[in-house]
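What follows is calculated from the coordinates using simple rules that are stated; it is not laboratory data. Keep in mind it's a predicted model, so treat the numbers as computed, not measured. A quick note on method: Cβ atoms are made from the backbone with ideal geometry, for glycine too, and the neighbour counts reach across all protein chains shown.
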Amino acid sequence: MSRVLLSFKSYSLAEREEKLEAEVTRELALSFYRKMVLARTLEDELKRRYESFEMRGELHLGRGQEAIPAGVCELLSDRDFVSATHRCIAHAVCKGLPLDGIIAELYGRASGVCRGKGGHMHLASSSKRFLATGIVGGGIPIAAGAALAFKTLGEDSVAVAFFGDGAANQGTFHESLNLASIYRLPVVFVLEDNQYAFSTRRSESTAVESNAIRALGYSMPALEVDGNDVIAVYTAAKWAVERARRGEGPSLLDCKTYRLSPHLEIVDTEEYRPEGEKEKWEKLDPIRRLEEQAVELKLASKEDFEQIKAEARKLVEEAFQRALSSPLPAPEEAFRDIFSGE
Amino acid sequence: MPREIAMWEAINEAIRQEMERDSRIIVLGEDIGKMGGAFWCTQGLLEQFGSSRVIDTPISEAGFIGMAIGAALVGLRPIVELQFVDFFGVAWDQIYNHLAKLRYMSGGQFKLPVVIRAPVGGGYGDAAQHSQVLYSIFAHIPGLKVVAPSNPYDAKGLLISSIRCDDPVVFLEHKLLYGLFYLPPGSFGEVPEEPYELPLGEARIAAEGEDITIVGAAYTAYLAEKAADRLREQGVSAEVIDLRTLVPLDKHALRKSVEKTGRLLVVDEDYLPYGLTGEVIATIAEDAEAFKALKAPPARVGNPGVPVPFSEPLEKAVLPSEDKIVKEALKLVEA
């Protein structure tokens, strides 16, 4: 017997700090605030009415996660594409889908954004280039495809895929990151890490401590972002969106947040959460965080916040009135739209 | 000017001519660029149209079919090649939950002009994961059109129509019809050089007859035509219906023919349970006139529900053939 000493190449990961500067104007701060408060006000009202069984089906709300769609969508126009998830109401609001159309869709009305054929998990708008899907991980390659089209057509639009930490364990996440990287597509992957896939903790389902690490396997830059800080989300997204528009390729934003809502209303008892965890995150509520930051930076005052909240309540109330005055669809509508020309 | 070409050449020509006409068309799939496709159908496209429109992909079917969907949502018209239809499984969610449904679920807002081309079929010893046709799996899902040509003329016209269609089309090409030297017999025929469309949803009467209606699609239509020639020699006049498209299904042509012949034999290479043969027979059973015209219970030839085996005698025992069609047809006529 003889002993042989062999040497192998091995790789190890190293994290480093990335410094990005943010310019926050009063106008920008109030725009963030308006988006988050509008989404929160709408969701609160939907929750109240859902609990009295006014709507059919399930309802997935995203209380506490509003900073992510608000911060990212601040950088997008109607020419940019967004794919969102089953928890898509705040994203739809931030991408500019009409409130009354969203509400009417949840009530199965003819004037719903999808004419009552989608419901709350599948809000969509072709004019706003917005699509939500109820299949976890399903929207990720679709966003990469929109980005491929923008590149092929020479449009300077970008595509954004929003998805959760649960979706990061789907094959589509890994395939899409690889595809986007090899083709240098103008797409931003926005991972909303709310730490739970329904009841399953990320730490129990995911072999890496942070999904940002996984981007390294696809030669893609990634930033870990405080997802409850809208200024941080916006700043990171600005970096990602701008480099995508410049043709420098895709990136991953791993936004750490927490779902203060149950996975779905009424059904989910949230027994999987350790005691005190939710209370801790309630203190990090992104709306309150922005209020504190804006006051500290002398960009806005309590009066501004009260005024915006009142405006949001009015907008939501009016939207409900319009939505609920819309009729239910005629049964024949069920047989349309399977194919074109029908 | 018609000239005789193989089915793979007709497919290649259809894609090329459509890409010349419409710059929104892109092609993506595994080995479709430099290699020109595992079954040759995309040869020359990379050289002519460049790598921004002819895109070699990694082996990530869910990823690149999802990308085709996203590209279609914002204005492109992608043609995806799935190297073998059997590989659809890893991408099925993108196909049946997204591609097929997004038009409907969005209330008709989105168009999904995506063609998924896929080689299908067995009979050459490739075993159970490379020999399926899977027609009924696709045809079962609302929102997908399903096309299965049996010859070069139909392949070119139907593919051009599929590319121009604003709905998703699953275009299934039988490997034994491509006309590749290593996959006999191949289908060769006269094909006009200029582009032309054939309507999706119209069957072709491949042979006219009085005694029995034999229905097939793609390779089983090809086999049925050969079987009809042999039946004719034995004094049986068989009408052969080549379905050409499985969705939409040409129910009118089926009913009209059965009303004339009174006998129905349906041939399919797919698994018989819950499949195309049952659908065709139900189409007749549900129609008072056609049902009344039946002189004998309908019969079917197909894979009885067996994974396609490798060894030749085993594979032959499972798949439809000219002999099996002739035998079943004679039984029906003599009944």
Task: Counted residues, segment B:12-49 - those being part of a loop (DSSP other than H, G, I, E, B) and of a type in the set (D, E, K, R) - done: 5
Open item on the list: If a residue counts only when it is surrounded by fewer than 24 Cβ atoms within 10 Å (Cβ to Cβ) and within 8 Å of another protein chain (Cβ to nearest Cβ), which helices (runs of 4 or more DSSP H) contained entirely in segment A:71-187 have at least 3 such residues?
Closed with: A:139-153, A:171-182
Open item on the list: For segment A:51-70, which positions are outside any loop (DSSP other than H, G, I, E, B) and buried (at least 20 other Cβ atoms within 10 Å of the Cβ)?
Closed with: A:67, A:68, A:69, A:70
TODO: Looking only at segment B:172-191, decide whether some residue is free of Cβ contacts under 8 Å to residues at least 40 places away in the same chain and within 27 Å of residue B:108 (Cα to Cα).
DONE: no
Task: Within segment B:94-113, considering residues that are of a type in the set (Lys, Arg) and facing chain A (nearest Cβ under 7 Å), the one surrounded by the most Cβ atoms within 10 Å (Cβ to Cβ) - done: B:103
Open item on the list: Restricting to segment B:82-93, and then to whatever is more than 10 Å from chain A (Cβ to nearest Cβ) and of a type outside the set (Gly, Ala, Ser), can you tell me which residue is farthest from residue B:133 (Cα to Cα)?
Closed with: B:92
- [ ] For residue A:306, state whether it is surrounded by fewer than 14 Cβ atoms within 10 Å (Cβ to Cβ), assigned to a helix (DSSP H, G or I) and not β-branched (Val, Ile, Thr).
- [x] yes
TODO: Just give me the residues in segment A:258-303 being part of a loop (DSSP other than H, G, I, E, B), charged (D, E, K, R) and out of contact with any Pro (no Cβ under 8 Å at 6 or more places or on another chain), in sequence order.
DONE: A:259, A:265, A:271, A:273, A:275, A:283, A:285, A:298
- [ ] Restrict the check to segment A:131-146 and report whether at least one residue is of a type in the set (Ser, Thr, Tyr) and either in contact with a Lys or Arg (Cβ under 6 Å, 6 or more places away or on another chain) or closer than 22 Å to residue A:256 by Cα (or both).
- [x] yes
TODO: Mind counting the residues in segment A:307-342 that are within 14 Å of chain B (Cβ to nearest Cβ) and basic (Lys, Arg)?
DONE: 1
Open item on the list: Cβ-Cβ distance below 7 Å, separation of 6 or more or different chains: which pairs start in segment B:271-293 with a residue that is at positive phi and end on one that is buried (at least 19 other Cβ atoms within 10 Å of the Cβ)?
Closed with: B:274/B:136
- [ ] Could you tell me which of the residues A:247, A:217, A:276 is touching a Leu at 6+ places or on another chain (Cβ under 9 Å) and either under 26 Å from residue A:41 (Cα atoms) or surrounded by fewer than 18 Cβ atoms within 10 Å (Cβ to Cβ) (or both)?
- [x] A:217
- [ ] For residue B:261, state whether it is more than 29 Å from residue B:173 (Cα to Cα) and in contact with a strand residue (DSSP E or B) (Cβ under 6 Å, 6 or more places away or on another chain).
- [x] yes
Open item on the list: Return the pair list, or none, for Cβ contacts closer than 8 Å from residues in segment A:4-29 that are basic (Lys, Arg) to residues that are surrounded by 10 or more Cβ atoms within 10 Å (Cβ to Cβ) and part of a loop (DSSP other than H, G, I, E, B), at least 6 apart or on different chains.
Closed with: A:26/A:299; A:26/A:300
- [ ] Determine whether residue B:79 is in contact (Cβ under 8 Å) with a residue 60 or more places away in the chain, in contact with a Lys or Arg (Cβ under 6 Å, 6 or more places away or on another chain), within 30 Å of residue A:160 (Cα to Cα) and more than 10 Å from chain A (Cβ to nearest Cβ).
- [x] no
Open item on the list: I'd like to check something: does segment B:50-66 contain any residue that is part of a loop (DSSP other than H, G, I, E, B) and more than 10 Å from every other protein chain (Cβ to nearest Cβ)?
Closed with: yes
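Could you say whether any residue in segment B:35-46 is within 13 Å of another protein chain (Cβ to nearest Cβ) and either within 30 Å of residue B:5 (Cβ to Cβ) or in contact (Cβ under 8 Å) with a residue 24 or more places away in the chain (or both)?
Going through segment B:35-46, the residues within 13 Å of another protein chain (Cβ to nearest Cβ) turn out to be none.
Within segment B:35-46, none of the residues are within 13 Å of another protein chain (Cβ to nearest Cβ) and either within 30 Å of residue B:5 (Cβ to Cβ) or in contact (Cβ under 8 Å) with a residue 24 or more places away in the chain (or both).
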